[in-house]
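The values are calculated or read from the model by the stated rules, or taken from the named source; none is laboratory data. Everything numeric in this text was worked out from a predicted model, so none of it was measured. In this analysis, Cβ positions are derived from the backbone assuming ideal geometry, glycine residues included, and neighbour counts consider all displayed protein chains. Accessible surface is based on the protein model in full, side chains and every heavy atom, while ligands, DNA and RNA are left aside. Shrake-Rupley method; radii C 1.70, N 1.55, O 1.52, S 1.80 Å.
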Amino acid sequence: QKEGYDHYMLKEIHEQPMALRRALRGRIDAGIEVPAWLLDHPDGVPVRFVACGTSYHAALYAVELLQKRGISAQASLASEFATSPPPLVDGSVVVGVTQSGETADTLGALRRASEAGARTLAVTNVVGSTAARECDDAIFIRAGPEIGVAATKTFSSQVVTLALLAERLADADTGILQALSTVPDALQYVLDHTTAPQVARTYADASAYFFVGRGVAHSVSLEGALKLKEISYEHAEGFPAGELKHGPLALVTPETPVFAIETGDHSDRMRGTVEEVQARGAPVVAVTHPESAVAAAAETVLPIPETHPELAGLLANAQLQLLSYHTARLLDRPVDKPRNLAKSVTVE
Ligand code: M6R
């Protein structure tokens, strides 16, 4: 059922525009369905997300969107939350982001939250999953089945679903709904015009790969690095761009390409980051709109069409998914079944 694709991962990357149309259907005009207790939760009590891996990166993306709307939010790695739960005040809400709905660490964190009196919401792909059944409510991301161990279309569907949720909780029109309706076509454009195979070839001998960004692009930098290490077994790290000078800059050399993800709202500061790493001889790949100042300063560009800055991260992420895929192919890795990993991690 790979429908002509060599791997499920590539098929699932290409299914993203369709998956996003499904995630958005009926939810732009009417607003996404949200439990009343979440709409009414006390101001100032943070919306807490718990998740693992790629789902954690989607949760970090959501935190940025909520905070931009004046809603206090935090994301925790589920394994940490379960072992060291934060104090939960009355009216606390905990949102478990889990594609499978079966990840033991996330279920453990949700159970701890529930025992402590919090209301829990599952944001999941699987109707009838343990998370959907055990939480007080569930919202479905409608990505369709994902077979490849690397999460791709489920990340995009999580981000879109959480963007709808953020806008509903904010109860104000920030322009993101109109932009969301154009995102499936913009993503299709990225997939049709990507230069990721050439970029993968150029840097196939790199000693390590670094990804940097600010705001939503920080979560995308973490996700870009996770995808690359997971399926290519190459050393990759994602950093908030501002943190480079506090340590990671010592790792930067001419053998370590730096992928600078710029979504349109941190251009000046990202330009500074680009100069910082170029001064250490590192080649820079800008993942951004081709007209941006960051693109002009970089050696190479993985271009994305202009869109709402809060959604540009999704388009940049698709370029990074393709970069990982093509790097893993060049290195002859078993793309759909990387060593030591399982699709669903059902042990804590
Ligand atoms: O099913 P979940 O979303 O709860 O899975 C969480 C992680 O195990 C998962 O996202 C993992 O990081 C992916 N394999 C990354 O591609």
Task: Distance histogram in 10 Å bins (all Cα pairs of the chain, percent per bin) - done: 6, 27, 35, 24, 8, 0
Task: Projected-area average for region 102-222 over all orientations - Cα convex hull basis, square nanometres - done: 10.6 nm²
TODO: With 10 Å bins from zero, work out the P(r) of region 91-173 over every alpha carbon pair and list the percent per bin.
DONE: 19, 48, 29, 5
Open item on the list: Taking 8 Å as the Cα distance limit and 6 or more residues as the minimum spacing, I'd like the relative contact order of the chain as a percentage.
Closed with: 19 percent
Task: As computed over region 162-272, the Cα convex hull volume per residue (Å³) - done: 138 Å³
TODO: Starting from the Cα gyration tensor of region 36-104, multiply each eigenvalue by 5, take the square root, and state the resulting semi-axes largest first in whole Å.
DONE: 20, 14, 11
- [ ] Let me see the pair-distance distribution of region 1-63: every alpha carbon pair, 5 Å bin width, integer percents in order.
- [x] 4, 12, 11, 17, 22, 14, 9, 5, 3, 2, 0
TODO: Hey, can you find the accessible area per residue of the chain for me, probe 1.4 Å, expressed in square angstrom?
DONE: 40 Å²
Task: Karplus 3J(HN,Hα) series, Hz, for region 3-16 with 6.51 cos²θ - 1.76 cosθ + 1.60 (x for Gly, Pro) - done: 6, x, 7, 6, 9, 4, 4, 5, 4, 6, 4, 6, 7, 4
- [ ] Rounded to whole Hz and in sequence order, give me ³J(HN,Hα) for region 60-65 from the Karplus expression 6.51 cos²θ - 1.76 cosθ + 1.60, θ = phi - 60°, writing x for Gly and Pro.
- [x] 4, 4, 5, 4, 4, 5
Task: Under Karplus coefficients 6.51, -1.76 and 1.60, residue-wise ³J(HN,Hα) of region 280-292 in Hz, glycine/proline x - done: 9, x, 7, x, 10, 10, 7, 10, 5, 5, x, 7, 6
- [ ] Could you tally the net charge around PRO305, taking each other residue with its Cβ under 13 Å from the Cβ of PRO305, Lys/Arg +1 and Asp/Glu -1?
- [x] -4
Task: Charge sum, other residues only, whose C-beta stays under 13 Å from LEU191's C-beta, Lys/Arg counted +1 and Asp/Glu -1 - done: -2
Task: Whole-angstrom gap from region 249-300 to region 156-184, using each part's C-alpha centre - done: 28 Å
Task: Over region 129-279, relative contact order from alpha-carbon pairs under 8 Å, at least 6 apart, % - done: 19 percent
TODO: May I ask for the net charge around ALA104, where only other residues with Cβ less than 13 Å from the Cβ of ALA104 are counted and Lys, Arg are +1 while Asp, Glu are -1?
DONE: -2
TODO: Principal axes first, then extents: for the Cα atoms of region 167-215, list largest minus smallest coordinate on each axis, whole Å, largest first.
DONE: 49, 25, 11
Task: Along each principal axis, Cα extent of region 297-340, largest first, Å - done: 37, 24, 14
TODO: Sort 125-134, 23-32, 307-316, 188-197 for me by packing, meaning the mean count of neighbouring Cβ atoms within 10 Å per residue, highest on top.
DONE: 307-316, 125-134, 188-197, 23-32
Open item on the list: Over 25 Å apart: what share of the alpha carbon pairs of region 205-347 falls there, rounded to a whole percent?
Closed with: 24 percent
Task: Stokes-Einstein D (µm²/s) once Rh is taken as the Kirkwood radius of region 141-187 over alpha-carbon pairs, at 4 °C in 1.567 mPa s - done: 110 µm²/s
Open item on the list: Counting only protein heavy atoms and a 1.4 Å probe, tell me what percentage of region 220-348's accessible area is made up of carbon and sulfur.
Closed with: 50 percent
Open item on the list: Please compute the alpha carbon radius of gyration of region 25-143, then divide it by the globular-protein estimate 2.2 N^0.38 Å. Two decimals is fine.
Closed with: 0.97
